Amino acid sequence: MIQSMTGYGKTVLQISTKKITIELKSLNSKNLDLNVRIPSYYREKELDIRKQLAASLERGKVDFSIYIENNGGEVSSKINESVVKEYMNQLKEIVDSNEVELLKMAIRLPDSLKSEKEELDENEWKQIEVAISETIEKIKEYRLDEGKVLLADFELRISIIEELLEKVILEDPKRIEHVKEKIKKAIAELEAKIDESRFEQELIYYIEKLDITEEKVRLKNHLDYFRKELNEESSNGKKLGFITQEIGREINTVGSKSNFADMQKLVVQMKDELEKIKEQNLNVL
């Protein structure tokens, strides 16, 4: 089953006084392009996160974020008591003010507050790991749902190209007769004597060069192959891309050989449908 590279997943986790939000977004990209934003005290786990994302999501422009919201009960900065007292003693010597005013001035001076560096809590991280796995499953489910939409569109486009190919096959005999009549008319306008036997031989040779039997067969095979790959268990957008190139090559060859307006119109419609397939295939994993 094909998957889209577009996806979104989000998990909210409540641990003690922390609200932890894990968010995962992905868009289409030729390769895996990972962007990880996490708090500094989780930095030692970044490599593990990247490995897990790479193994699960394979390809796409992926943004992974962990946001922390403290709900109270924890203070990351504390008053540096000894420094504040020293500031106040020095201020007493140069200003005449009460203790409260001295404290207000001292607390604004450098190093009056000291930050407490938060350390990684392994028990907390185990819960976050579970939440990360849940978020990955959510984005994979999103990708599958988007893949179903792409699948329906691909099947529609392939069916349209097949219908147009059938019309090309029906137009082919008319094209051959049209080419023959065109050549005969041109010869007649020259009012020159020709060897009828030699003329017929040359005409047959020319018509053979315009024959599109092989192209029609190969095009049908490529369309069948594309549809088969759509229903494979694994999603392979790159392989589908290669098949569309082969489909395009056969359509172009038919167009270059057609020499018949009605057939060329059908070829243009086939090219239009193929371009829509190529555009959508950019989103396939």
If we keep just the residues of segment 149-159 that are out of contact with any strand residue (DSSP E or B) (no Cβ under 7 Å at 6 or more places or on another chain) and touching a residue at least 40 places away in the same chain (Cβ under 8 Å), which is surrounded by the most Cβ atoms within 10 Å (Cβ to Cβ)?
-> F154
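For segment 12-32, which residues satisfy the criterion of being among the β-branched types (V, I, T), over 11 Å from Y67 (Cβ atoms) and touching a strand residue (DSSP E or B) at 6+ places or on another chain (Cβ under 9 Å)?
Start the filter on segment 12-32 by keeping residues that are among the β-branched types (V, I, T), which leaves 12, 15, 17, 20-22.
Adding the requirement that they be over 11 Å from Y67 (Cβ atoms) leaves 15, 17.
Once the filter is applied, which keeps residues that are among the β-branched types (V, I, T), over 11 Å from Y67 (Cβ atoms) and touching a strand residue (DSSP E or B) at 6+ places or on another chain (Cβ under 9 Å), segment 12-32 yields only T17.
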Conditions (1) at pLDDT 95 or above; (2) surrounded by 14 or more Cβ atoms within 10 Å (Cβ to Cβ); (3) in contact with a strand residue (DSSP E or B) (Cβ under 6 Å, 6 or more places away or on another chain) -> N35 fails only (2)
Lone qualifier among I79, I136 - being in contact (Cβ under 8 Å) with a residue 12 or more places away in the chain and under 24 Å from M5 (Cβ atoms) | I136
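Out of curiosity, is S40 without any contact (Cβ under 8 Å) to a residue 12 or more places away in the chain and touching an Asp or Glu at 6+ places or on another chain (Cβ under 9 Å)? Please lay out each step first, then the result.
Details: without any contact (Cβ under 8 Å) to a residue 12 or more places away in the chain: yes; touching an Asp or Glu at 6+ places or on another chain (Cβ under 9 Å): yes.
So S40 passes the test.
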Those strands (runs of 3 or more DSSP E) lying entirely in segment 1-93 with at least 2 residues under 30 Å from L230 (Cα atoms) | 7-15, 18-27, 32-37, 60-70
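Of all residues being without any contact (Cβ under 8 Å) to a residue 60 or more places away in the chain and not aliphatic (A, V, I, L, M) in segment 26-37, which is farthest from I136 (Cα to Cα)? Just the residue, please.
Taking segment 26-37 and keeping what is without any contact (Cβ under 8 Å) to a residue 60 or more places away in the chain, we get 27, 29-37.
Narrowing the set further to residues that are not aliphatic (A, V, I, L, M) leaves 29-31, 33, 35, 37.
Values: S29: 18, K30: 20, N31: 18, D33: 16, N35: 15, R37: 16 Å.
Ranking the candidates gives K30 first.
The values are calculated or read from the model by the stated rules, or taken from the named source; none is laboratory data. Since we're looking at a predicted model, the values are computed, not measured. Reconstructed Cβ throughout: ideal geometry from the backbone, glycine too, with neighbour counts over all protein chains shown.
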